[in-house]
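What follows is a set of notes on a single structure, which appears directly below.
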Amino acid sequence: MYNTSDAGKSWTPLPAGNANASTVNYLDANHAWLLSGDGKTLLASSDGGQHWQQRDTGLDIYTGAQDSNSTPGQIDFSTLNIGWLLGFKNNASPTLLKTTDGGQHWQPLSYTIYA
């Protein structure tokens, strides 16, 4: 990941530990969440990506691509506290999780897919 402070004229690499990002969600200039490319790591930053803290979903889900024909999991935050995470478990239907505390804890959500 890279950061720019001059409208894209120059870019500076940001540290993200050993994570190879598959999905990044920035809520604002300071707050971001990152899903790793291997689908096993969720990281959060509150300082524009300068430092990252690992978060645990508390569930055994895989947020990477199920296979070469599928897309990785997704993460989206609407506020600093409320966010959703879409992942997979044992090649089953997608698992949808919600947090109301900034990603510290996650609860599975029930849903129905209509054809």
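Every number in this text was worked out from the coordinates using simple rules, so none of it is lab data. Model, not experiment: these values are computed from the prediction. Neighbour counts are summed over all protein chains in view; Cβ atoms, including those assigned to glycine, are modelled from backbone coordinates with ideal geometry.
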For PHE77, the net charge from surrounding residues (Cβ-Cβ under 11 Å; K, R +1; D, E -1) works out to -1
Neighbour-count ranking for LYS98, LYS9 (other C-beta within 10 angstrom, fewest to most) reads LYS9, LYS98
